[in-house]
Amino acid sequence: GNSYNIPIRLWILDSHPFAPPICFLKPTANMGISVGKHVDAHGRIYLPYLQNWSHPKSTIVGLIKEMIAKFEEELPLYSLSSSDAARQSELLSYIAKITEGETDTKSKSKTGGDKNGGHFNKITVVGAGDLGIACVLAVAAKGVADKVVLLDLSEGAAKGGTMDLEIFALPNVEISKDFSASADSKVVVLTVNSLGSAQTYLDVIQSNVDLFRGIIPAVSHYSQNSVLLVASHPVEVMTYVSWKLSAFPKSRVIGVGGNLDTERFQYTLANLLQVQALGKDAWIVGEQGEDKVLSWTSCKSHANQTETMVAQNSKEQVANRAMEILKGKGQRSWSVGLSVADLTESILKNKRKVHSVSTLAKGCCNINSEVFLSLPCILGTSGVIEMVKLEEDPSVQEKLQSSAGSIHDLQQQLKL
């Protein structure tokens, strides 16, 4: 029957209203924090409303109403005795440091950086579905990251697939529902897809766009120098959406694109058909799916060898045979996860390896619209370092222009 005044402090990010505020209790000198399911020892507030924040339905007023309801069930503060005053003063000092930007996450990153000669390779995977977990396992198996954070944005434990990861506790893997856990990531992998009941293909994509509007500004805020690696569907459109919502340079927003198909194709040419020279110059470009295109890059060091081994018509026959072998393989979660780990390794280790990834195609093949298509690119710590020139083939250019036109028309119908 009593009423209590519970002091709080809300930090509104630049990405608001798409990203939720960061919330703290702000206890006075004679108040202590009661650690519970909604509050940690530092006074950080965790609520379902924050975890499920989605503009425009989520508001500050709605957040405060939920705080009132949850704190009525479990009071987050208690009156301190005089002997606790010194400890409380220390806690208030800690919170003051957080408000000045000296977050616990940043201090941990700095510590980790010292451990590795100034380089702490942290990646975040957003989305705890089959694909997200496959990416975490593949990256962990590769051993390319010092820390992997899995952001589980699912509603409730029943919808999350993270229980087994928690049970078996993989080293250097952290599971969190809080965007701040992603702070200072070198690579942020996006695997989330909307599970709504949309009726049309456009509705499905719009649902994904709405989902990204609450995710991209938040992860971009916490990891402002990261490379965004998009694996959500359709990858070309969602990479474009990520680029627009993050305001990152085009080089630091890429999609998984044709990397998996290209690696399979090159492997088939080199190892199954024993045409090593061709395998190094073959690429799957354009869109994922049925409209993907086979193309070649002109590599001078192999030009004579290639001309000797196969004539132009024979090259096409070998390529068609390789495509037949790969037909029906599909892209399972674990195989895409391996592809994501491959791309992540090239970025974190600055390998300067060529991959077929979704990148801004404007200016290539007479494409004038802002669309993302898979093209061979050299990858390093800053994302796309350079685009590799494709062999001039009118039929390939025509197909890429057609894909660009259809993707652009689709993007024009979306509400960003």
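Observations on the structure shown:
- Residues SER54 and ILE385, FRET efficiency given R0 of 35 Å [Cβ-Cβ distance, rounded to 0.05]: 0.45
- When all protein chains stay in place and ligands, DNA and RNA are ignored, the 1.4 Å accessible-area order of LYS65, LYS147, largest first, is LYS65, LYS147.
- A Förster distance of 60 Å, applied to the separation of the beta-carbon atoms of VAL35 and ASP409, puts the FRET efficiency at 0.70.
- For region 24-84, the square roots of the Cα gyration tensor eigenvalues, ordered a ≥ b ≥ c, give a/c of at least 1.5 with a/b greater than b/c, which places it in the prolate category.
- For region 122-255, the fraction of 1.4 Å probe accessible surface lying on carbon and sulfur atoms is 54 percent.
- Residue-level accessible surface for THR28, protein heavy atoms, 1.4 Å, Å²: 60 Å²
- In the structure shown, the pairs LYS353/LYS389; LYS349/LYS389; LYS244/LYS351; LYS37/LYS122; LYS147/LYS186; LYS250/LYS280 are assessed against 21 Å; a Cα-Cα span above that value is assigned to LYS349/LYS389; LYS244/LYS351; LYS37/LYS122; LYS250/LYS280.
- Residue order for ARG213, ARG321, ARG332 - accessible surface, 1.4 angstrom probe, largest first: ARG321, ARG332, ARG213
- For the residues TYR201, TYR222, a 1.4 Å probe over the protein chains yields an accessible-area ranking, largest first, of TYR201, TYR222.
The values are calculated or read from the model by the stated rules, or taken from the named source; none is laboratory data. Bear in mind the structure is a predicted one, so any value in this text is a computation, not a measurement. Every residue, glycine as well, gets a Cβ built from its backbone with ideal geometry; the counts of neighbours run over all protein chains shown. The area values use the complete protein model at the heavy-atom level, side chains included, leaving out ligands, DNA and RNA. Shrake-Rupley method; radii C 1.70, N 1.55, O 1.52, S 1.80 Å.
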